[in-house]
Each structure stands twice: as C-alpha cells, then as structure tokens.
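Following: one structure in structure tokens, then a few remarks.
The values are calculated or read from the model by the stated rules, or taken from the named source; none is laboratory data. Computed from a prediction, not measured in an experiment: that's the story for all the values here. Neighbour counts are summed over all protein chains in view; Cβ atoms, including those assigned to glycine, are modelled from backbone coordinates with ideal geometry.
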Amino acid sequence: MNLYPKIARNVILPLSDIAAGTKISRNFKFLEKSQWWSKEELQKYQNKKLRALIKHAYENVPYYHHEWRKLNLKLQDIKTIKDLRKIPIITKEDIRKNFNDFKSKDFAVRKPKPSATGGSTGEPLKFYYDWAAWSMDWACLYRGWGFAGYHVGDKIVTVGGSSLVPSQKSSFQKQVKNKIVERHVGLSAFDMSKENMRKYAEIITGYKPHFLRGYATSLYIFAKFCEENSINFPTIHAAFSTAETLFEPYRKEIENAFGVEVFNEYGIRDGGGNAMECDMHLGLHVSLERCVMEFIKNNENVPLGEMGKIILTDLHNYSFPFIRYDVGDVGIPTDEKCPCGRGLSMIKRIEGRTTEIIQFSDGTMWAGPVLTLVFKDFDILQYQIIQENWNRIILKVVKGKTFSEKDAKRLVQIFNYHVGENGSVEIEYMDKIPLTKSGKRRFIISKVKPQL
Ligand SMILES: [Zn+2]
C-alpha cells in the first residue's frame, strides 16, 4: 500500500503550514466537507463571508471607502450576494491607477505576498495576496484535483509556462511545498521540439507520476507526439488542463493518447476564483467558499446558459481586496444540478479572454470553441486570428501540405460573410506562430472591445 499520501496529508502538509504560516491543511479539510453542502447552505456561508469582507473594505480600504461613500452606499445595503450589483465593477485599470488605495490599513500587519498576473494580454497587473487567500487557493486546488482522484502527496508532472512551473528563484517555502508536498516536476512549455519532447517522455517514464497537468495546447502537442511515437505512461490516472481554453479536439487527443480522462481547471489568482470539472464532465464546479463569481452582460446577470463577463469577489484577500473585479474572461453559467451531488454551482463553459472573442458588426460573436469548428475542415497546422477593428481581420496561418488556394478563398469567404462588404479579410502565411511571454498560445487577438 502506498503510505505517502497519508503521511503527506496528515504530517507533511500540516508541518509545512506551520513553517510557512499558512492554513492549507485546515482549509482543505473544511472544503472536503462543504462541497457536499446544499446550495442554500453554501449561499449562507458566502453571504456571511461577504458581509465581513464588505465591512472590512468599507472601514479599512481607502478606494472602496471613498467610492462607496460617493454613491451613498451604506454597509446595511449589502447583506447578501444579490446586493452585490449595487457595487460598481472594478477593472485592472482602476487598480493600476489607485494601487496604494487598494491596500488595507492593516496591510503591514497582514504581511501579504506581492504577486502579478502573467500579462499575456497586455501589461501585467501587480497586486498583493493574503496568506489566508493563498491558503484557500491551494486548498481549492487540492480539492479540485481530488475530483479526479488526486490525493495530497501524489506525484504530478506539469508542462507549462512560468505561471505553472516554479523557477529556481522561488522561495524556500514554495520549493518545499512543491517538492515534498506535491512531489511536482515541471517541464517547460516553451521549447516543445521533438528532441525535447523525447526527453520529457523519458523524464515522465522514469518519474512515474500519477497526474499530468499543463496548458491545454502544451498537453495537446505532447499528446500528439506521444501517440505518433507510441509512447505511453501507464502510471498516469488523469490529466489536468489549465490556463488556456480547452478545445474539444484537444481534450479528445489528450484522452486518446494517454488513455485517461481530462479534467478542465480554471483558476484566477488576482480575482481569487477557482473552478474545476468533476468526473461527470458537465461543467466546472465553482469554489463558492472562496469567491463570488458573477456572469454579467450590460451590467445585469446574464440568463443561465448565455455568455457573460466573469466578475469575481475574493472572499479571503483582506490585504488587497478584489470586490466585483472584471477578470477579463467570458463564461457561460448554468443551473444544471450535477449528478455527482456536490452543491457547488457550475460554469457550463469558459469561453476564454474577452480579448479572445471576435465580434462582427453584424452582432455575431466567435470565441475559441467556434473557431476550432471553422478551422477543423482545413489542413492548417497553426493559426492566429487578429481583429484589428470592426472591419479588418488578419488570419495568420501555418498551412499543411494539402492546403490549397481554393481553401484559402473559402476560409476568407467564411469570415467575409460576417465582416460585410466594407470589410477586409487577409491571410498571412507564417512558418510558426510565436507564444506569449508566459508560454501560452493565443488563437485570437481582438483589438475590438466586445460589447458585453
Ligand atoms: Zn459534479
């Protein structure tokens, strides 16, 4: 019997909590119970946490204090998550402009961690992160991985960029957590040449991990390579796809190549949100104990089943509170009840970043999943669509051997149909489409702000 997970969970994780001043172990135990609470019980918990956060922000965080006073908002106006709509949405820009005013008065006592988003879509956002929020974040991840059968202490190999693969410069605490609690080995998503992937396969074969985790495209590229070379890893139970939109063809390829189920993961550190697919694969369960996640269009909650901007309130980050924060992602909420029995509400699908949505002047909106359908009929190895403005679209294409002039015309026609008579659609042939600084692949770069 493998004793390591028992020791990791009951001895190593609590010890690492004591050393680092975190509470991951305690939160994890709580989350394992609360996931089975009813929707009403979870909402009651959220409302209680929300009232405490709002009180703290009003009394101790200058930005919220001033903004809310200007609107004549009083503490008693915000009693439940339904009242959140009275509070204005904040953007990355608001945080950048008023950075110091987002710090709580007791900031120094709380000793938060400085952090930043990867900045794959423009400038990175700097912010601070409470240890309480950090502990909740990790506990939510462990619980979410648990949906796929993960136990703390199981071995994981990650193929990703800087946001997933800790560097040598990481703090001692982070290294301990990484190496001893998670027994994690990181492989870089940047150079996935055949030669490197062969090395990755050797490392994985030797290490015998229980789980594989990574960017959706990195896992897909690696899965294709392994399938073509008949490489398999019998120790792997499941794969976690994160940080990029998981397209259905990618999921299928990864599942076929490794003979495992793929679990989609969604995590936003700046807004404090986290959601994870369970083994029913009907959507992603939101960690309601950690955040309030709203889906908004034209300042109203979208009807269930429709696309909305994701707005997050982190219930645990008191040093630098995120209250109604526009994450920059778009998703579809659902009220379907999951047969797994968890009370955690669900996101039907994450559609991607708002900058990864094409909106045509005829009102049609295309996000990544639709585009994979458009492109699947063509022999195209890689693509990137750039929407310069309402009327101009550039298709960067790495073509395969059988892609013909006729195909090019047909592809342009599909886009032209929506761009309209005054529009222009051009194809630019490339040898390779570069990755972002954090190693992610971007399929769509839209310079038009979608009307959401
Ligand atoms: Zn479920």
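Would you mind finding the one in Asp335, Asp326, Asp270 that is within 16 Å of the ligand (Cβ to nearest atom) and either modelled with pLDDT under 95 or surrounded by 23 or more Cβ atoms within 10 Å (Cβ to Cβ) (or both)?
Asp335
What's the number of the only condition in (1) part of a helix (DSSP H, G or I); (2) at pLDDT 95 or above; (3) out of contact with any Cys (no Cβ under 8 Å at 6 or more places or on another chain) that Ala8 fails to meet?
Every listed condition holds for Ala8 apart from (2).
I need the full set of residues from the stretch 96-119 which are at pLDDT 95 or above, in contact with a Phe, Trp or Tyr (Cβ under 7 Å, 6 or more places away or on another chain) and in a helix (DSSP H, G or I), in order please.
Asp101, Phe102
Output the residue which, of all residues in the stretch 1-17 that are within 28 Å of the chain's Cα centre (by Cα) and not hydrophobic (A, V, I, L, M, F, W, C), is nearest to His316 (Cα to Cα).
Filtering the stretch 1-17 down to residues within 28 Å of the chain's Cα centre (by Cα) leaves 5, 8-9, 12-14, 16-17.
Retained after the next criterion (residues that are not hydrophobic (A, V, I, L, M, F, W, C)): 5, 9, 14, 16-17.
Numbers: Pro5: 28, Arg9: 23, Pro14: 20, Ser16: 20, Asp17: 17 Å.
Filtering the stretch 1-17 for residues that are within 28 Å of the chain's Cα centre (by Cα) and not hydrophobic (A, V, I, L, M, F, W, C), the one nearest to His316 (Cα to Cα) comes out as Asp17.
When you scan the stretch 52-75, do you find a residue that is of a type outside the set (Ser, Thr, Tyr), surrounded by 15 or more Cβ atoms within 10 Å (Cβ to Cβ) and within 24 Å of His285 (Cβ to Cβ), even just one?
Yes, the conditions are met somewhere in the stretch 52-75.
Residues to consider are Arg353, Arg410, Arg342, Arg392; find the one that is within 16 Å of the ligand (Cβ to nearest atom) and among the charged types (D, E, K, R). Show your work before the answer.
Working: Arg353 fails: within 16 Å of the ligand (Cβ to nearest atom); Arg410 fails: within 16 Å of the ligand (Cβ to nearest atom); Arg392 fails: within 16 Å of the ligand (Cβ to nearest atom).
On inspection, the qualifying residue turns out to be Arg342.
Tell me, which helices (runs of 4 or more DSSP H) wholly within the stretch 18-88 include 2 or more residues that are over 26 Å from the mean Cα position of the chain (by Cα)?
39-60, 62-70
Testing Tyr142 on (1) out of contact with any strand residue (DSSP E or B) (no Cβ under 8 Å at 6 or more places or on another chain); (2) surrounded by fewer than 21 Cβ atoms within 10 Å (Cβ to Cβ), one condition comes back false. Which one is that?
(2)
Would you confirm, using the coordinates I've provided, whether Val398 is farther than 30 Å from Trp37 by Cα, among the hydrophobic types (A, V, I, L, M, F, W, C) and modelled with pLDDT under 85? Before you say what the answer is, go through the steps one by one.
Numbers: farther than 30 Å from Trp37 by Cα: yes; among the hydrophobic types (A, V, I, L, M, F, W, C): yes; modelled with pLDDT under 85: no.
It is false that Val398 is farther than 30 Å from Trp37 by Cα, among the hydrophobic types (A, V, I, L, M, F, W, C) and modelled with pLDDT under 85.
List pairs: first residue in the stretch 34-51 and within 20 Å of Cys340 (Cβ to Cβ) and acidic (Asp, Glu), second residue surrounded by 15 or more Cβ atoms within 10 Å (Cβ to Cβ) and modelled with pLDDT of 95 or more anywhere in the structure, Cβ distance under 9 angstrom, at least six positions apart or on different chains.
Glu40/Gly343; Glu41/Ser34; Glu41/Gly343
Taking the conditions exactly as written (within 16 Å of the ligand (Cβ to nearest atom) and either buried (at least 23 other Cβ atoms within 10 Å of the Cβ) or within 20 Å of Tyr142 (Cβ to Cβ) (or both)), does Ala243 satisfy them or not?
When the stated conditions are applied, Ala243 does not pass them.
Output the residues belonging to the stretch 139-158 that are away from the ligand (no atom under 16 Å from the Cβ), not hydrophobic (A, V, I, L, M, F, W, C) and not in a strand (DSSP E or B).
Within the stretch 139-158, Tyr142, His151, Gly153, Asp154, Lys155 meet the criteria.
Quick check on this structure: which one of Met365, Met346 is of a type in the set (A, V, I, L, M) and either in contact with a His (Cβ under 6 Å, 6 or more places away or on another chain) or within 30 Å of Gln43 (Cβ to Cβ) (or both)?
Met346
Identify, from the list Asn317, Asn264, the residue that is within 16 Å of the ligand (Cβ to nearest atom) and crowded, with 19+ Cβ neighbours inside 10 Å. Please lay out each step first, then the result.
On the way: Asn317 fails: within 16 Å of the ligand (Cβ to nearest atom).
It is Asn264.
For the stretch 273-314, what are the residues that are within 16 Å of the ligand (Cβ to nearest atom) and among the small types (Gly, Ala, Ser)?
Ala275, Gly283, Ser287
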